[in-house]
Amino acid sequence: MLSGLSAAKQYGRLCSRKERETHPLKTIKILRPKARSSAAGAVISLLLLIASVASHAAAATPTASTVAAKKARAALACAVSTSCVNSLDGSDLAPLQFAGTPAEALAALRAALAEFPDGKILTADDVSMEVVFTTDRGFRDLVDFKIDAQAQRIDFRSHSSFGRNDFGKNRSRMLAFSALFEKNNAR
């Protein structure tokens, strides 16, 4: 049986220093029993250790929907900022907001895209859509839409498929698209 002190050492081996410092139960100290014969104190210390490790592991385990949303957002990151814009955190472009199901969000996207004659849907599935816009001069810009059903938002990335600078075309197009989408889907 572990004494209270060895249980604390074992907890130190299971978690990194940062995890111990940020753990919500870090203020609970595992005390060493006053007498070696006090098995009840050691059992209580061990139970506290097990409860704190289990609660920490449960809190750190992400759900499948949050993992999928994080992967979708990571796929929308811009590699070159002079020819790409997105709606991720830290951007001045807001994600598109919708109410309803992902199917209704896709229908709203299609309705807004119908008003852009230079846009053509390349692929679409239940929670994403890829669109290509072709400018008058033949330059192609790719726009990816990812629907986050839980957050009721549509994140997007618009980037030029050629060149390092789009001279603000992606930003102006997505601002116009966002305004039209919002107008069509006013709550």
- Task: Can you bin the stretch 63-174 into rounded, prolate or oblate? Criterion: square roots of the alpha carbon gyration tensor eigenvalues sorted a ≥ b ≥ c, rounded for a/c under 1.5, prolate for a/b above b/c, oblate for the rest.
- Result: oblate
- Item | trypsin sites (Lys or Arg not before Pro) restricted to the stretch 75-166 and DSSP loop, no more than 12 other C-beta within 10 Å | 137, 164
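Can you give the net charge of the other residues whose Cβ lies under 14 Å from the Cβ of residue 143, counting K and R as +1 and D and E as -1? Please list the in-between numbers first.
Numbers: positive: 110, 120, 140, 146, 157, 169, 171, 173; negative: 118, 130, 141, 144, 155, 166.
Local net charge: +2.
Around residue 159, under 13 Å between beta carbons, what's the net of Lys plus Arg minus Asp minus Glu among the other residues? List each step's numbers first, then the result.
On the way: positive: 140, 157, 164, 169, 171, 173; negative: 130, 141, 144, 166.
After counting each charged neighbour, the total is +2.
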- Going residue by residue through the stretch 86-103, the Karplus relation 6.51 cos²θ - 1.76 cosθ + 1.60 with θ = phi - 60° gives ³J(HN,Hα) values, rounded to whole Hz and with x marking Gly or Pro, of 8, 9, 6, 4, x, 9, 7, 9, 7, x, 7, 9, 9, 10, x, 8, x, 5
- Task: List the chymotrypsin sites (Phe, Trp or Tyr not before Pro) within the stretch 95-166 that fall in a DSSP loop (any state other than H, G, I, E or B) and whose Cβ has at most 10 other Cβ atoms within 10 Å.
- Result: 162
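Any read-out appearing in this document is the output of simple, stated calculations on the displayed coordinates, not a laboratory observation. The shown structure was predicted, so the numbers you read here are calculated from the model rather than taken from an experiment. Using ideal geometry, Cβ is built from the backbone for each residue, glycine included, and neighbour counts are taken over all protein chains shown.
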